[in-house]
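Student: I'd like to ask some things about the structure below.
The values are calculated or read from the model by the stated rules, or taken from the named source; none is laboratory data. Everything numeric in this text was worked out from a predicted model, so none of it was measured. As a convention, Cβ positions derive from the backbone with ideal geometry for all residues, glycine included, and neighbour counts pool all protein chains shown.
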Amino acid sequence: MKGRVYRTILVYLLLFLISFMVFDSTTLMIGIFFALIALYHFSTRLAKKNQL
């Protein structure tokens, strides 16, 4: 389970870095960063819910 969480964190971080290289706008980066945090939060909650 821990390896899977680390892998998803790495994927989200890579998505953030790729979007930073493509779009060079600070406001857009902040919005994408918070969107990725929200996506990670809800995906982990869903995974925990499905385990029960």
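Student: Kindly indicate which of V22, V11, V5 is modelled with pLDDT under 80 and under 13 Å from the mean Cα position of the chain (by Cα). Walk me through how you get there before you give the answer.
Tutor: Numbers: V22 fails: under 13 Å from the mean Cα position of the chain (by Cα); V11 fails: modelled with pLDDT under 80.
Answer to the check: V5.
Student: Also, quick follow-up: Looking at F42, F33, can you tell me which residue is assigned to a helix (DSSP H, G or I), surrounded by 11 or more Cβ atoms within 10 Å (Cβ to Cβ) and not basic (K, R)?
Tutor: Step by step, each of F42, F33 is checked, and only F33 is assigned to a helix (DSSP H, G or I), surrounded by 11 or more Cβ atoms within 10 Å (Cβ to Cβ) and not basic (K, R).
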